[in-house]
1. Sticking with the crude label model, points 7 Å out along Cα→Cβ, report the distance from E103 to S55 in nm, one decimal please.
2. Round to the nearest 10 and report in Å² the accessible area of S67, as given by a 1.4 Å probe over the protein chains' heavy atoms.
3. Measuring from label point to label point, each 7 Å out along Cα→Cβ, what is the K201 to D2 span in nm?
4. Work out how much length E162 to R231 would gain on full extension: take 0.36 nm times their residue separation and subtract the Cα-Cα distance, in nm to one decimal.
5. On full extension of the chain, what length is gained from D126 through N68, given 0.36 nm per residue of separation minus the C-alpha to C-alpha distance?
6. Under a plain spin-label model, where a point goes 7 Å from the Cα along Cα-to-Cβ, how far apart in nm are S46 and D88?
7. Counting DSSP beta bridges in the chain, what percent are antiparallel, to the nearest 5?
8. Which helices of the chain meet both criteria: a Cα extent of 18 Å or more along the helical axis and a mean Kyte-Doolittle score no lower than 0.0, with helices taken as whole DSSP H segments?
Amino acid sequence: MDKLYILIPAYNEEENIENCVDQWYPIVEISVGTRLVVIDDGSKDSTYKILQELSQTRPQLIPLTKSNGGHGHTLLYGYRYAINNGADYIFQTDSDGQTNPEEFIKFWNERNNFDAVIGNRITRGDGKDRKFVENVVCLMLRVIFGVKVPDANAPFRLMKAELVAKYIDRLPEDFNIPNIMFTAYFAYFHERVKFIPITFKPRAGGTNSINIRKIIKIGWSALWDFVKLRRNINR
């Protein structure tokens with residue numbers, strides 16, 4: 001039986017987190033080896049407390065907490081946790097209600113055909129600014145790495161754990177945008193990857209901690225990170 005870990009990072013999501021767990025928990029009940037791992041990134045609200053309460057009646061829910069390190073650091077923390085606990089597959093999504101759990105089955109059904117199945121957010125419910133940023137990122141990957149992908153950073157991806165383990169140590173522990181680099185590595189090294197269109201809704205509630213100013217700052221940092229990682233890609 002395939003051992004699936006669904007990873008969801010969360011930061012100050014007390015308004016969304018119970019609904020998020022209610023939406024995704026039925027998926028992990030399909031198998032006793034499957035876990036829903038929600039990682040609290042040092043929230044200042046009651047996110048982790050709510051998760052602990054929810055886990056009392058949901059044995060396959062694993063709430064974790066850590067000091068605040070940002071979305072990328074939390075993803076890498078979660079990926080390593082899944083790998084170290086023997087996951088066969090890792091599925092990652094976010095806690096803000098923008099993705100649709102009903103679309104997971106399309107990805108799961110492709111797990112034997114591809115090493116990674118990644119969402120393609122054709123329509124963005126989070127606004128034109130975010131879509132523009134994604135287009136710029138994809139252009140940067142094409143120029144710097146020579147790869148063409150439709151969506152580099154979608155928070156809706158199913159990956160074989162062994163594939164994530166293959167590339168994770170190439171990234172610094174505090175890397176801001178690991179999903180983008182995983183997508184780039186998968187494409188550059190011709191791994192078996194499929195992109196599937198997904199729904200991407202407006203945020204369900206709460207406040208997004210990533211604003212445009214922060215996106216621009218991350219973007220400039222990412223440009224130089226991409227250049228450095230490209231120089232070392234074949235080492």
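1. Inter-label distance under the simple model: 2.9 nm.
2. Surface accessible to solvent at S67 totals approximately 90 Å².
3. 2.5
4. 22.4 nm
5. Stretched fully, the D126-N68 segment lengthens by 18.5 nm.
6. Label-label distance for S46 and D88, simple model: 3.9 nm.
7. That works out to approximately 30 percent antiparallel.
8. Helices meeting the criterion: 128-145, 212-231.
The values are calculated or read from the model by the stated rules, or taken from the named source; none is laboratory data. Just so we're clear, the structure is a prediction, and the values are computed from it rather than from any experiment. Every residue, glycine as well, gets a Cβ built from its backbone with ideal geometry; the counts of neighbours run over all protein chains shown. The protein model used for the area step is the full one, side chains on, heavy atoms only, and it has no ligands, DNA or RNA in it. Shrake-Rupley method; radii C 1.70, N 1.55, O 1.52, S 1.80 Å.
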